[in-house]
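Undergrad: Quick one: the structure is below, questions incoming.
The values are calculated or read from the model by the stated rules, or taken from the named source; none is laboratory data. For clarity, every value in this text was computed on a predicted model and none was experimentally measured. Using ideal geometry, Cβ is built from the backbone for each residue, glycine included, and neighbour counts are taken over all protein chains shown.
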Amino acid sequence: MPADSLCVVAVDACTLQNFAVVDALSVIEQRYGGRVIWTEAVAHEVRRGLPAEPLLQRVLDCQDAWLGQPIEFRQPRQLIAIDLIRRGLGGTDNEPLQHLGEAQSIYAVEEADVRDRLLISDDRPCADFAMRRPSGVRVLDAADILAEAFAMGDLVCPAPYGYLLAIDAYPRPVRVPRHEDVC
């Protein structure tokens, strides 16, 4: 986790993949670089998707730069807590990797000892589950990130909405609000 940070941002695999396929990972870097964390299961999910989608290499290329090394979990109490979250997301014994990236991301951001904790995920069930937990973690999706990048002057219209439409058309279905709600 970034040292001396007042905010930590956990990014789920689906959002990293969404921004990678439209060559927009720099938007996440610019908004959250230095505060971003990701987990070993998220990294595994990205690597697993490489044969079908070579553009995911863009995510792995960020590992030695702003994304950093994935967080690993080895302590029994961590593994138990992560598995409970994974099961809450619908994971089963028969598929131990099912929802593991999402569960590790939620756990990592909830355990961060910082004032502001943010989970970025385009996985609607994961986002809904995280928002309902008592930890107070804020959840954003691609549309929120792009609207924030516009509001902060990182991107000018129509680029944020264009990225969102490109992600959705890739096809990587995401929430697509009205254009004026993004920029």
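Undergrad: Just a yes or no: is a residue in the range 76-85 more than 12 Å from L16 (Cβ to Cβ) and touching a Lys or Arg at 6+ places or on another chain (Cβ under 9 Å)? Let's see the steps before the verdict.
TA: To start, the set of residues in the range 76-85 that are more than 12 Å from L16 (Cβ to Cβ) comprises 76-85.
Now drop any that are not touching a Lys or Arg at 6+ places or on another chain (Cβ under 9 Å), which leaves 85.
Yes, the range 76-85 contains a residue that is more than 12 Å from L16 (Cβ to Cβ) and touching a Lys or Arg at 6+ places or on another chain (Cβ under 9 Å).
Undergrad: Those residues that are surrounded by fewer than 18 Cβ atoms within 10 Å (Cβ to Cβ) and in contact (Cβ under 8 Å) with a residue 24 or more places away in the chain, I need them from the range 134-143; list them, please.
TA: At the first step, the residues of the range 134-143 found to be surrounded by fewer than 18 Cβ atoms within 10 Å (Cβ to Cβ) are 134-136, 138.
Once the filter is applied, which keeps residues that are surrounded by fewer than 18 Cβ atoms within 10 Å (Cβ to Cβ) and in contact (Cβ under 8 Å) with a residue 24 or more places away in the chain, the range 134-143 yields only S135.
Undergrad: Would you check if there is a residue in the range 58-65 being buried (at least 23 other Cβ atoms within 10 Å of the Cβ), in a loop (DSSP other than H, G, I, E, B) and not polar (S, T, N, Q)? Step through it out loud before you land on a result.
TA: In the first step, residues of the range 58-65 are kept if they are buried (at least 23 other Cβ atoms within 10 Å of the Cβ); the result is 59.
Okay, now just the ones that are also in a loop (DSSP other than H, G, I, E, B), so none.
No, because not a single residue in the range 58-65 is buried (at least 23 other Cβ atoms within 10 Å of the Cβ), in a loop (DSSP other than H, G, I, E, B) and not polar (S, T, N, Q).
Undergrad: Another one. Quick check on this structure: which one of R86, R172, R117, R124 is within 22 Å of A41 (Cβ to Cβ) and either free of Cβ contacts under 8 Å to residues at least 12 places away in the same chain or surrounded by fewer than 16 Cβ atoms within 10 Å (Cβ to Cβ) (or both)?
TA: Working: R86 fails: either free of Cβ contacts under 8 Å to residues at least 12 places away in the same chain or surrounded by fewer than 16 Cβ atoms within 10 Å (Cβ to Cβ) (or both); R172 fails: either free of Cβ contacts under 8 Å to residues at least 12 places away in the same chain or surrounded by fewer than 16 Cβ atoms within 10 Å (Cβ to Cβ) (or both); R117 fails: either free of Cβ contacts under 8 Å to residues at least 12 places away in the same chain or surrounded by fewer than 16 Cβ atoms within 10 Å (Cβ to Cβ) (or both).
The unique qualifying residue is R124.
Undergrad: Can you pull out every residue in the range 156-179 that is more than 20 Å from R124 (Cβ to Cβ), aliphatic (A, V, I, L, M) and not in a loop (DSSP other than H, G, I, E, B)?
TA: A159
Undergrad: Looking at R124, R172, which is the one that is modelled with pLDDT under 95 and touching a helix residue (DSSP H, G or I) at 6+ places or on another chain (Cβ under 9 Å)?
TA: Checking each option against the conditions leaves just R172.
Undergrad: Just the residues that are in contact (Cβ under 8 Å) with a residue 12 or more places away in the chain and within 24 Å of N94 (Cα to Cα), please, taken from the range 44-83.
TA: H44, E45, V46, R47, G49, E72, F73, Q78, A81, I82, D83
Undergrad: When only residues in the range 94-110 that are surrounded by fewer than 16 Cβ atoms within 10 Å (Cβ to Cβ) and touching a helix residue (DSSP H, G or I) at 6+ places or on another chain (Cβ under 9 Å) count, which is farthest from P171 (Cα to Cα)?
TA: Filtering the range 94-110 down to residues surrounded by fewer than 16 Cβ atoms within 10 Å (Cβ to Cβ) leaves 94-97.
Okay, now just the ones that are also touching a helix residue (DSSP H, G or I) at 6+ places or on another chain (Cβ under 9 Å), so 96-97.
Working: P96: 27, L97: 23 Å.
Looking at residues that are surrounded by fewer than 16 Cβ atoms within 10 Å (Cβ to Cβ) and touching a helix residue (DSSP H, G or I) at 6+ places or on another chain (Cβ under 9 Å), I get P96.
Undergrad: Of the conditions (1) farther than 24 Å from R77 by Cβ; (2) modelled with pLDDT of 95 or more; (3) in a helix (DSSP H, G or I); (4) not polar (S, T, N, Q), A108 satisfies every one except a single condition; which number is it?
TA: (1)
Undergrad: Does any residue of the range 121-131 turn out to be basic (K, R) and in contact with a Leu (Cβ under 6 Å, 6 or more places away or on another chain)?
TA: First, the residues of the range 121-131 that are basic (K, R): 124.
Pick out the ones that are also in contact with a Leu (Cβ under 6 Å, 6 or more places away or on another chain) and you get none.
No, there is no match, as no residue in the range 121-131 is basic (K, R) and in contact with a Leu (Cβ under 6 Å, 6 or more places away or on another chain).
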